[in-house]
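Below you'll find the structure, written out as structure tokens, and then a few comments.
The values are calculated or read from the model by the stated rules, or taken from the named source; none is laboratory data. Since the structure is predicted, the reported quantities are computational estimates derived from the model, not experimental observations. With ideal geometry, Cβ positions are generated from the backbone for all residues, glycine too; neighbour counts draw on all protein chains shown. For accessibility, only protein heavy atoms count, side chains too; no ligands or nucleic acids. Shrake-Rupley method; radii C 1.70, N 1.55, O 1.52, S 1.80 Å.
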Amino acid sequence: MVTIMSYFQGTTLSASTIKVYEPCIQKWRELVPDKSLEYIIYNPRQAIRTLALHLKKREKIEKKSVCTMNNLRNYIAPILAVLRHSPHIAPTVPDRQEFAKLWLEILNEVSKPMKDRQKQHLPTVNQSKKGGSRLTYDQIIQRRDQGDLGMYEHLLLSMYTYIYPVRADYYATELVKDGNEPTTANYIRIEKDHSELVIRDFKTAKVYPPIHYPQLPDILHQVILRSLEKEPRLYLFEKPNGKPYSRNSFSQWASRTLHQIFGVEMTLTLIRHHFISTLSMDVPVIELEEIGQLMGHSIPTQRMYKWYPQKKEDGEVEEDEEDGEDGEDGEVEEDEEDGEDEEDEEDEEEKDEEE
């Protein structure tokens, strides 16, 4: 029996990707005959039907959308990764390359609707159902500066607007003071007159160099100092019990907090899209590369992130449909339980580069 933490040992996949993939494989195995990974690999269509039935049962119980194309994709991708990266897993599987091609075809089939919308520079179906997709970056900035936000709310918006917005990478960001050495991969070194930010643990760290700001903008440095005056702590963002967040729990907390701030569903990924939508793609490549490195992605991904206003035939800007009560999201709430990552659907390019 394969243990849950041994699927990707010794591979080049990032720790954050492995942390998402392994629980998905384990949970899927629990649903199929003999709890067999080989059964899933040999019988993809049957295994996917079994998984879909399980997710639909959960929908009835949990009263929210769970059986979505995005969630199915988040289970399919780990199986493909096993075939590509882990020959020590299910070693009896013959023709691994042929099965890898089959699972890649299935993954592409499931991902096609999302990728088609990305190619049109449109929000995905999930994103368009979130009211936050209809905000603008200027509105986000204006809300940050209104002066009525709580300490953590203002700090969250400040970290994602005064500098280029990253993913959910501030989940366990240590605040290092008094000449001490950091004990975490992501940290802010605070001096009297400036702060330095280093992010080494992020989704595409195997592809891109560390995200590094030798000196944060002074206005952001002051926001951090004022937050520490109000609430002394060891980490940039902490749970009520004083412990740091995990990546998924930080993503969930941020989504809830942003919802409270704006009164509509909002995510960190949407902020990234809104920011990139303000960029001109006609500037020198070196400028786009610098921005991309500080956001942890490539120039092609920047271009894919950029949204353009969609016009109807009569020339009017087309509005998204109203939010549905049971839309195709749920991935934020599902993060910790099933490993569904609300940012995964935005980062196919980086995942392809990593794999």
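Once the range 173-184 is narrowed to residues that are in contact (Cβ under 8 Å) with a residue 40 or more places away in the chain and not polar (S, T, N, Q), the residue that is most open to solvent (accessible area, probe 1.4 Å) is Glu174.
Across the range 261-273, the qualifying residues are those that are more than 15 Å from the chain's Cα centre (by Cα) and in a helix (DSSP H, G or I), and the one among them that is surrounded by the fewest Cβ atoms within 10 Å (Cβ to Cβ) is Phe262.
Does any residue of the range 240-260 turn out to be among the basic types (Lys, Arg), modelled with pLDDT of 95 or more, open to solvent by 30 Å² or more (accessible area, probe 1.4 Å) and over 18 Å from Lys129 (Cβ atoms)? Yes, that holds for at least one residue. Within the range 91-114, the set of residues being acidic (Asp, Glu) and either modelled with pLDDT under 90 or on the phi > 0 side of the Ramachandran plot (or both) comprises just one member, Asp95. When restricted to residues that are among the basic types (Lys, Arg), within 25 Å of Ser16 (Cβ to Cβ) and free of Cβ contacts under 8 Å to residues at least 60 places away in the same chain, the range 36-93 contains 1.
Within the range 260-281, the set of residues being polar (S, T, N, Q) and within 21 Å of Asp148 (Cα to Cα) comprises Gln260, Thr267.
Quick one: which residue in Glu59, Glu22 is more than 18 Å from Ser111 (Cα to Cα), among the acidic types (Asp, Glu), open to solvent by less than 30 Å² (accessible area, probe 1.4 Å) and not in a loop (DSSP other than H, G, I, E, B)? Result of the check over Glu59, Glu22: Glu22. Among the residues examined, Leu228 qualifies as part of a helix (DSSP H, G or I), under 22 Å from Gly147 (Cβ atoms), open to solvent by 10 Å² or more (accessible area, probe 1.4 Å) and in contact (Cβ under 8 Å) with a residue 40 or more places away in the chain.
Scanning the range 190-201 for residues that are surrounded by fewer than 21 Cβ atoms within 10 Å (Cβ to Cβ) and under 22 Å from Leu294 (Cα atoms) yields Ile190, Glu191, His194, Glu196, Val198, Arg200, Asp201.
Scanning the range 122-134 for residues that are closer than 15 Å to Gln302 by Cα and in contact with a Lys or Arg (Cβ under 6 Å, 6 or more places away or on another chain) turns up nothing. Are any of the residues in the range 278-291 under 15 Å from the mean Cα position of the chain (by Cα), modelled with pLDDT of 85 or more and within 22 Å of Tyr162 (Cβ to Cβ)? Checked the range 278-291: no residue is under 15 Å from the mean Cα position of the chain (by Cα), modelled with pLDDT of 85 or more and within 22 Å of Tyr162 (Cβ to Cβ). When the range 66-114 is filtered for residues that are assigned to a loop (DSSP other than H, G, I, E, B), open to solvent by 20 Å² or more (accessible area, probe 1.4 Å), touching a helix residue (DSSP H, G or I) at 6+ places or on another chain (Cβ under 9 Å) and more than 19 Å from Tyr7 (Cβ to Cβ), only Cys67 remains.
Of all residues in the range 125-159, those satisfying the criterion of being under 19 Å from the mean Cα position of the chain (by Cα) and in a loop (DSSP other than H, G, I, E, B) are Lys129, Lys130.
Would you be able to say whether some residue in the range 206-223 is over 30 Å from Glu289 (Cβ atoms) and within 26 Å of the chain's Cα centre (by Cα)? So far as the range 206-223 goes, no, none of its residues is over 30 Å from Glu289 (Cβ atoms) and within 26 Å of the chain's Cα centre (by Cα). Checked against (1) surrounded by 15 or more Cβ atoms within 10 Å (Cβ to Cβ); (2) at pLDDT below 70; (3) not β-branched (Val, Ile, Thr), Gly315 meets all criteria but (1). Name the residue, out of Tyr170, Tyr187, Tyr162, that is surrounded by 21 or more Cβ atoms within 10 Å (Cβ to Cβ), assigned to a loop (DSSP other than H, G, I, E, B) and under 22 Å from the mean Cα position of the chain (by Cα). Exactly one of Tyr170, Tyr187, Tyr162 is surrounded by 21 or more Cβ atoms within 10 Å (Cβ to Cβ), assigned to a loop (DSSP other than H, G, I, E, B) and under 22 Å from the mean Cα position of the chain (by Cα), namely Tyr170. All conditions in (1) open to solvent by 20 Å² or more (accessible area, probe 1.4 Å); (2) over 24 Å from the mean Cα position of the chain (by Cα) hold for Ala47, with the sole exception of (1).
I'd like the full set of residues that are polar (S, T, N, Q) and touching a helix residue (DSSP H, G or I) at 6+ places or on another chain (Cβ under 6 Å), limited to the range 141-160. Result: Ser158, single match. Among the residues of the range 202-220, some residue qualifies, meaning at least one is under 24 Å from Ala15 (Cα atoms), open to solvent by 30 Å² or more (accessible area, probe 1.4 Å) and among the charged types (D, E, K, R). Any idea which of Glu345, Glu340, Glu349 is modelled with pLDDT under 95, assigned to a helix (DSSP H, G or I) and open to solvent by less than 30 Å² (accessible area, probe 1.4 Å)? Only one candidate qualifies: Glu345.
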